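Trainee: The structure follows.
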Amino acid sequence: MKKIRSHLILVTILCYSSGAYANDWGQDTIFLHREFYGEDYHRIFIDTSARSVFYDQIADFRFGEFDHQPFGYSLDYIKKHQWKLTRRSLGNLPRKWVILQYYRDQFYAYSPSDWYSHFKVAITDTAFIDFSGEGPAANKIVSYRQLSENSFYFFLKGIDWHARKLVIHIIDRKKGIAVFEDYRSGKKEYYLMIDAAKIRQVPIIVSYCETSKTSEFDFDQPDFEKLLQKKVTNQ
């Protein structure tokens with residue numbers, strides 16, 4: 001899907017008095033991009049209201065109509081391989097995480113136009129659950145240990161990867177921000193996540209159109225090495 005990059009120096013602040021989210025688009029709504037596709041109106045904006053309904057949407061871990069089937073497949077796969085799910089104590093590690101983005105040296109939550117690209121994680125005392133565009137998938141926690149005060153290691157097995165190593169590095173305790181260091185299929189990937197319980201502490205960028213899926217916003221790529229080298233703030 002095409003992505004849109006904002007090159008605005010001055011942004012437009014508008015006030016809406018009608019529409020599905022009238023209560024959430026107010027004087028603190030900052031627009032980064034607006035365009036029409038025929039009768040479709042697409043806008044990308046920064047919502048700084050802590051009451052925004054978009055936070056509720058991206059941090060909703062309830063199963064939808066089409067989530068039970070893929071989740072069931074992942075559990076059946078674990079049972080087929082006789083990978084017994086065992087209970088583990090995770091201490092004070094947050095249990096629910098939502099993907100976080102980075103733009104112009106700031107962290108943002110993101111409500112996408114196409115929810116297939118949205119990602120979140122739920123950790124129970126028996127399983128590590130990925131919520132991706134394909135639906136939720138449970139992974140067996142083969143091993144877990146706390147590496148330091150702010151780093152947590154998981155070795156996982158599941159329907160997508162038989163050997164997955166993941167380290168959660170918390171870099172800001174107050175805001176619940178972490179770098180996930182994920183080793184899958186011989187490749188290492190870094191991405192930002194935020195504790196779902198603290199998500200309203202960062203602003204949210206929304207790509208919104210009432211009637212169709214449209215372009216996503218083009219975020220910056222953070223320097224993960226620098227982020228990991230910084231001392232954890234607000235412990």
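The values are calculated or read from the model by the stated rules, or taken from the named source; none is laboratory data. Everything numeric here is computed off the predicted structure, so don't read it as measured data. Note that we place each Cβ from the backbone using ideal geometry, even for glycine, and neighbour counts take in every protein chain shown. Note: accessible area is taken over every heavy atom of the protein model, side chains too, but ligands, DNA and RNA are not part of it. Shrake-Rupley method; radii C 1.70, N 1.55, O 1.52, S 1.80 Å.
Trainee: Accessible area per residue of the chain at 1.4 Å probe, in Å²?
Mentor: 54 Å²
Trainee: So, one more: With a 1.4 Å probe and all protein chains left in place, how much of the accessible area of the chain comes from carbon and sulfur atoms, in whole percent?
Mentor: Exposed carbon and sulfur together represent 50 percent of the surface.
Trainee: In what sequence, largest accessible area first, do Phe61, Phe31 appear using a 1.4 Å probe?
Mentor: Result, largest first: Phe61, Phe31.
Trainee: What lysines sit close enough to Lys79 to cross-link, taking a C-alpha to C-alpha distance under 30 Å and skipping anything fewer than 8 places away on the same chain?
Mentor: Within reach: Lys96, Lys120, Lys140, Lys157, Lys165, Lys187, Lys188.
Trainee: Based on the mean of other beta carbon atoms within 10 Å per residue, what is the order of 190-199, 209-218, most packed first?
Mentor: 190-199, 209-218
Trainee: So what is the calculated 222 nm ellipticity per residue for the chain, using -39500 (n - 2.57) for each DSSP H run with n of 4 or more, over all residues, to the nearest 500 deg cm²/dmol? Write down the numbers at each step before the final one.
Mentor: Details: 3 runs with 25 residues, N = 235.
Only helices count here, giving -3000 deg cm²/dmol.
Trainee: Given a 10 angstrom Cα cut-off, can you work out which residue in Val202, Val53, Val179 is the most mobile in a GNM of the chain?
Mentor: So, out of Val202, Val53, Val179, the one fluctuating most is Val53.
Trainee: Could you point to the residue in Phe36, Ile58, Leu93 farthest towards the positive end of the chain's charge dipole, with +1 and -1 charges on the Cβ of Lys/Arg and Asp/Glu respectively?
Mentor: Leu93
Trainee: Let's test this: bin the Cα-Cα distances of the chain at 10 Å from zero up to the farthest pair and state each bin's percent.
Mentor: 7, 29, 34, 21, 8, 1
Trainee: Then there's this: How much accessible surface does Asp56 have with a 1.4 Å probe, in Å² rounded to 10?
Mentor: Accessible area, nearest 10 Å²: 80 Å².
Trainee: So, with +1 on the Cβ of K and R and -1 on the Cβ of D and E, and no other charges, what is the size of the charge dipole of the chain about its Cα centre, to the nearest 20 debye?
Mentor: The calculation lands at about 1220 debye.
Trainee: Now for a separate question. Less than 12 Å from a label point 7 Å out along the Cα-to-Cβ axis of Phe61: which backbone N atoms in region 87-119 qualify, by residue?
Mentor: In region 87-119, the label zone of Phe61 (backbone N under 12 Å from the point 7 Å along Cα→Cβ) covers 93-98.
Trainee: Another one. Treat region 48-157 as a sphere of radius equal to its Kirkwood radius over Cα pairs and apply Stokes-Einstein at 37 °C in a medium of 0.692 mPa s; give the translational diffusion coefficient in µm²/s, rounded to a whole number.
Mentor: Using the Kirkwood radius from Cα pairs, D works out to 209 µm²/s.
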